[in-house]
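**Q** Pasting a structure here, questions to come.
The values are calculated or read from the model by the stated rules, or taken from the named source; none is laboratory data. Not measured: the values here are computed from a predicted model. Cβ sites come from the backbone with ideal geometry, for glycine too, and all protein chains shown count toward neighbours. Only protein heavy atoms, including side chains, enter the accessible area calculation; ligands, DNA and RNA are left aside. Shrake-Rupley method; radii C 1.70, N 1.55, O 1.52, S 1.80 Å.
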Amino acid sequence: MPTPSMHVQRVELPDGRSYGVTVGAGCRHDLSSVLAAVAPRARRAAVVTQPNVREALGPVVTGLPGDTFEIAVGEEEKNLSTIERLCRSFSLAGLTRNDVIVAVGGGMVTDVAGFAASVYLRGVSVVYVSTTLLGMIDAAIGGKTGVNLPEGKNLVGAFWQPSAVLCDLDALDTMPARELRSGLGEMAKYHFLEGTGPISRTPGGLDALPLDERIARCVAIKAAVVAADEREGGLRAVLNYGHTLGHAIEIASDFSVMHGEAVAIGLVYAGALAQQLGRIDAARADEHRRIVASHDLATRAPGGLDPEPLIALMQRDKKALDGLTFVLDGPNGVETVTGVDPALVRRAMSSVLD
Ligand SMILES: NC(=O)c1ccc[n+]([C@@H]2O[C@H](COP(=O)([O-])OP(=O)(O)OC[C@H]3O[C@@H](n4cnc5c(N)ncnc54)[C@H](O)[C@@H]3O)[C@@H](O)[C@H]2O)c1
Ligand SMILES: [Zn+2]
């Protein structure tokens, strides 16, 4: 049973696939009771993790027999060969359809182990112990799993929901500092997705909450969006707020700007663009700058990035539906806006580029 300092948020889905996301210090130690509850027929558990995660946090206790399978660190290991290797290891270890896979790590581990779980024996249960800030507030929730191809990131994957997610706040203590700060960029995004939600009426909004409550609220916002649009039919695109320019900056900087850092700059840009379009006023656009800065992140892109290549990358964004497409704030909150005037897109660049 979760202690009072634990927050449990449910992701409500049809067909008995709803699950709980627990946020709290030390909650990974509840893993064995969670597994007993969500995978009662499991006789074995296959733990998938990374060597440095295991070193930082020690082994997890599943309460079931089974092996631990390690994947190497780094986005380049998020590929189909890793999936094949894992599935072959599961088979050699005798993992059956009733058994359970446990992913312990950040978004890289949960994406890989989740995808392996979706295809091994045409699908076995998976439980995530999320150990990074980005994992807790984004990657571990919502059922998107997958790996990269040389042609692009996350091009092969499946929607496969976990049976439970544990976000152990103690894991944040050992995270590399820059990774943690990058996760804050994703967190800043949720400030604007709160919209007219309950926290918007508390002074300071999401930003003023203690970290555990803030993470729990980010989880709740993502859970609500996923429940309303599990397979990204439309609404789920709001989770890409700040990501259109963010993705372009990641690519143009050869990934020297990290995901959350790039999203943070993308948020400032999205605010400026929405202001250009008359969707929000100057104060709300400024709020984007203030919130990003309050998360200890840069509000402007590093020198050396030019607007034209960034605009070209945004035109190629895989989520672009009709010309230049952005997720923008406005009178109805954050929503997808298609066919944005390229002249305004160019003009708003001065808000983040020197
Ligand atoms: N499925 C989704 O909806 C979704 C959403 C967003 C991002 N993602 C994916 O998530 C991945 C990025 O995830 P991430 O930012 O968590 O990075 P990550 O999983 O690569 O982890 C970053 C680094 O921190 C280490 N680490 C993790 N937890 C640690 C801990 N507690 N202590 C010490 N070190 C620790 C990892 O080994 C790694 O070296 C990308 O592959 C991205 O595509 C998926
Ligand atoms: Zn993101």
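**Q** Those residues that are within 13 Å of ligand 2 (Cβ to nearest atom), more than 27 Å from residue 169 (Cα to Cα) and either free of Cβ contacts under 8 Å to residues at least 12 places away in the same chain or open to solvent by less than 10 Å² (accessible area, probe 1.4 Å) (or both), I need them from the range 201-247; list them, please.
**A** 245 - this is the single residue of the range 201-247 that is within 13 Å of ligand 2 (Cβ to nearest atom), more than 27 Å from residue 169 (Cα to Cα) and either free of Cβ contacts under 8 Å to residues at least 12 places away in the same chain or open to solvent by less than 10 Å² (accessible area, probe 1.4 Å) (or both).
**Q** May I ask you to list the residues in the range 135-153 that are open to solvent by 10 Å² or more (accessible area, probe 1.4 Å) and either among the β-branched types (Val, Ile, Thr) or under 22 Å from residue 180 (Cα atoms) (or both)?
**A** Residues satisfying the conditions are 138, 139, 144, 145, 153.
**Q** How about the range 109-134: which of its residues are more than 9 Å from ligand 1 (Cβ to nearest atom) and either within 24 Å of residue 194 (Cα to Cα) or surrounded by fewer than 24 Cβ atoms within 10 Å (Cβ to Cβ) (or both)?
**A** Listed by number, the residues that qualify are 118, 119, 120, 121, 122, 123, 124, 125.
**Q** Return yes when residue 264 is at pLDDT 95 or above, within 24 Å of residue 203 (Cα to Cα) and either assigned to a loop (DSSP other than H, G, I, E, B) or out of contact with any strand residue (DSSP E or B) (no Cβ under 6 Å at 6 or more places or on another chain) (or both) and no when it is not.
**A** Against the criterion (at pLDDT 95 or above, within 24 Å of residue 203 (Cα to Cα) and either assigned to a loop (DSSP other than H, G, I, E, B) or out of contact with any strand residue (DSSP E or B) (no Cβ under 6 Å at 6 or more places or on another chain) (or both)), residue 264 qualifies.
**Q** Where the second residue is part of a loop (DSSP other than H, G, I, E, B) and modelled with pLDDT of 95 or more and the first is of a type in the set (Gly, Ala, Ser) and lies in the range 329-342, which pairs have Cβ atoms under 6 Å and are six or more apart or on separate chains?
**A** Going by the 6 Å Cβ cut-off, the qualifying pairs are 330/279.
**Q** Something else about it: For residues in the range 307-330 being modelled with pLDDT of 95 or more and part of a loop (DSSP other than H, G, I, E, B), which is surrounded by the most Cβ atoms within 10 Å (Cβ to Cβ)?
**A** 329
**Q** For the range 87-100, check the following and say yes or no: at least one residue is crowded, with 24+ Cβ neighbours inside 10 Å and within 19 Å of the chain's Cα centre (by Cα).
**A** Among the residues of the range 87-100, not one is crowded, with 24+ Cβ neighbours inside 10 Å and within 19 Å of the chain's Cα centre (by Cα), which makes the answer no.
**Q** Scanning the range 69-100 for residues that are more than 16 Å from ligand 1 (Cβ to nearest atom) and among the β-branched types (Val, Ile, Thr), which turns out nearest to residue 148 (Cα to Cα)?
**A** The extreme case among them is 100.
**Q** Which of the residues belonging to the range 127-163 are more than 16 Å from ligand 2 (Cβ to nearest atom), part of a strand (DSSP E or B) and in contact (Cβ under 8 Å) with a residue 24 or more places away in the chain?
**A** 127, 128, 129, 147, 149, 156, 158, 159
**Q** Going through the range 77-103 one residue at a time, which ones are among the polar types (S, T, N, Q) and within 28 Å of residue 37 (Cβ to Cβ)?
**A** Matches in the range 77-103: 89, 91, 96, 98.
**Q** Quick check on this structure: which one of 245, 239 is in a helix (DSSP H, G or I), modelled with pLDDT of 95 or more, within 13 Å of residue 189 (Cβ to Cβ) and away from ligand 1 (no atom under 16 Å from the Cβ)?
**A** Of 245, 239, the one residue that is in a helix (DSSP H, G or I), modelled with pLDDT of 95 or more, within 13 Å of residue 189 (Cβ to Cβ) and away from ligand 1 (no atom under 16 Å from the Cβ) is 245.
**Q** While we're looking at this one, here's another question. Among 11, 48, which is surrounded by 15 or more Cβ atoms within 10 Å (Cβ to Cβ) and more than 30 Å from residue 209 (Cβ to Cβ)?
**A** 48
**Q** In the set 106, 58, 66, which member is at pLDDT 95 or above and within 8 Å of ligand 1 (Cβ to nearest atom)?
**A** Testing whether each residue is at pLDDT 95 or above and within 8 Å of ligand 1 (Cβ to nearest atom) leaves just 106.
**Q** I'm told residue 124 meets every condition in (1) within 15 Å of ligand 2 (Cβ to nearest atom); (2) farther than 30 Å from residue 294 by Cβ except one. Can you identify the failing condition by its number?
**A** Against the list (1) within 15 Å of ligand 2 (Cβ to nearest atom); (2) farther than 30 Å from residue 294 by Cβ, residue 124 comes up short only on (1).
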